[in-house]
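Novice: One structure is given below, represented as structure tokens, and several questions about it will come after.
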Amino acid sequence: MNTETAEQQVSLLDNFVFMDKTISILDVGMKTEKNVVLYGPGGHGKSELALEYFYEKNINPYVITMGSGMTTDRLFGGLNIPVLEVDGKIEYLVENSFMNHEYVILEEMMDSPDFILEQLKDILSSGVFRNGSQVFVIKTKFIVGCTNKTRSEFAKNASLKALMERFPLELNVIWDNYTEISYNALLEKRYGAGQVDPIMPFLFQEYVKNGITISPRIALDSYEIYQECGPDALTFIAEFAQKPSLIKDALKKFEATVKFKEISADIDEVLTSLSNNDNRTKVKKQKFIDDYRALENKLTKLKSMTVNDDMAQIHSNVLKRVTSEISGKQSRYNNCIDKLEEADELEAEKNISDLVGAVAKKKSKSKQSPAADNDYPF
């Protein structure tokens with residue numbers, strides 16, 4: 001990868017997530033002038049990235065949305081009305097079409113009617129547009145076709161398979177996984193690191209687990225709606241409306257997960273403190289006792305906590321670990337208590353002894369000086 005390409009990729013990745021492969025295939029297509037098809041589910045930024053890719057290279061591509069309503073005259077730049085009216089001939093304004101541009105983006109390419117795609121295939125195969133006496137050598141060097149259809153859907157017949165031979169490079173633009181971490185990375189790209197409410201990535205993940213994939217575009221839109229209007233407004237979004245009960249369930253699960261993680265972090269801190277405590281001083285012995293009792297309290301909270309299925313095994317492991325640590329440190333805990341009690345008894349005895357000595361000293365002084373009776377401590 002040369003320096004210019006590397007800098008461009010970094011620049012594009014500043015605005016997109018998980019698009020490394022997409023940028024790479026566009027680099028290959030641009031370098032070799034081999035057409036590319038970016039396919040896969042909507043909302044993943046195929047068209048946006050393709051457009052930004054060209055802009056980064058100071059290229060203003062020709063962009064046309066094809067789709068099911070695409071017609072022959074739109075594909076070919078429109079009818080030449082004056083020629084039709086004067087000569088009765090059907091000619092097209094090919095100078096206004098994709099054929100007069102070096103770099104082209106065809107939106108919803110595979111949603112077009114078959115006869116449109118067949119015409120496109122013939123033009124790309126020959127490199128020449130022919131319509132009766134009208135001939136035009138196309139200038140197109142590189143085309144990026146975008147479609148939400150799958151590979152099997154858009155190669156459904158022999159003619160379309162032949163078209164795909166003119167698009168030898170293809171990529172299914174999807175994420176490797178749709179997890180809480182992935183969605184958080186997406187949102188942080190827009191809102192900044194540490195600025196994302198973690199409940200939403202968790203909610204997206206819950207929907208994915210229930211068979212409803214939230215696309216990146218919907219994730220961004222729904223996060224904005226959540227911020228402005230709260231979680232109840234999410235039910236007006238089609239994907240969330242399929243299973244609205246998941247929203248409340250996810251909120252409860254998230255709260256339980258957050259509490260579990262907080263307690264787990266506290267437990268790690270307490271266990272570290274216990275392990276580093278050598279119990280050599282009175283203060284350290286008291287610290288060990290306090291930490292041990294705190295650990296017992298955390299264990300009680302853990303036992304009463306209900307977590308979601310994903311955290312169940314982790315919850316069980318933490319319970320076992322804490323139970324084992326409490327059992328293993330019980331003798332040291334009891335020893336600390338015994339030592340502190342002994343120390344307290346010795347200190348009490350010393351205080352009594354000191355007090356008795358002070359009283360005796362006072363009495364001795366009072367016998368020598370009667371006026372000192374008023375200073376008798378009792």
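Bear in mind these aren't lab numbers, they're just calculated from the coordinates by the rules spelled out. Being a predicted model, the structure only gives us computed values, none of them experimental. Reconstructed Cβ throughout: ideal geometry from the backbone, glycine too, with neighbour counts over all protein chains shown.
Novice: Using alpha-carbon pairs under 8 Å, 6+ residues apart, how would you state the relative contact order of the range 220-337 in percent?
Specialist: Averaging sequence separation for qualifying contacts and normalising by length gives 25 percent for the range 220-337.
Novice: Okay, next question. Work out the charge dipole of the chain with +1 on the Cβ of Lys and Arg and -1 on the Cβ of Asp and Glu about the Cα centre, then indicate which of Val104, Leu120, Thr150 is farthest towards its positive end.
Specialist: It is Thr150, whose Cα lies furthest towards the positive end.
Novice: Here's a follow-up. Using only C-alpha positions, report the orientation-averaged shadow area of the convex hull of the range 197-319, nm², one decimal.
Specialist: About 9.5 nm², averaged over all directions.
Novice: Among bridges DSSP assigns within the chain, what percent are antiparallel (round to 5)?
Specialist: 25
Novice: With unit charges on the beta carbon (Lys/Arg positive, Asp/Glu negative), name the residue among Ser264, Tyr223, Tyr333 whose Cα is farthest towards the positive pole of the charge dipole of the chain.
Specialist: Tyr333
Novice: Counting C-alpha atoms alone, how compact is the range 279-339: give Rg to one decimal and Dmax as a whole number, in angstrom.
Specialist: Every Cα atom of the range 279-339 included, Rg and Dmax give 14.1, 45 Å.
Novice: Roughly how compact is the range 3-172, stated as its Cα Rg over 2.2 N^0.38 Å to two decimals? Don't skip to the end; give the middle numbers.
Specialist: On the way: Rg = 16.7 Å, N = 170, 2.2 N^0.38 = 15.5 Å.
Normalised Cα radius of gyration, the range 3-172: 1.08.
Novice: Report, as a whole number in µm² per second, the diffusion coefficient that Stokes-Einstein gives for the range 180-243 at 37 °C and 0.692 mPa s using the Kirkwood radius over alpha carbon pairs.
Specialist: The Stokes-Einstein estimate is 282 µm²/s.
Novice: Can I ask one more? What's the magnitude of the charge dipole for the chain around its Cα centre, counting Lys and Arg as +1 and Asp and Glu as -1 at the beta-carbon? Answer in Debye, nearest 20.
Specialist: 1600
Novice: Any idea what % of Cα-Cα pairs in the range 45-119 are farther than 17 Å? Mind showing how you got there, number by number?
Specialist: Values: 1469 of 2775 pairs.
More than 17 Å apart: 53 percent of the Cα pairs in the range 45-119.
Novice: So what does log10 I(q)/I(0) come out to for the chain at q = 0.07, 0.08, 0.13, 0.14 Å⁻¹, using the Debye formula with one equal point on every Cα and no solvent?
Specialist: Log10 of I(q)/I(0), two decimals: -0.57, -0.67, -1.10, -1.17.
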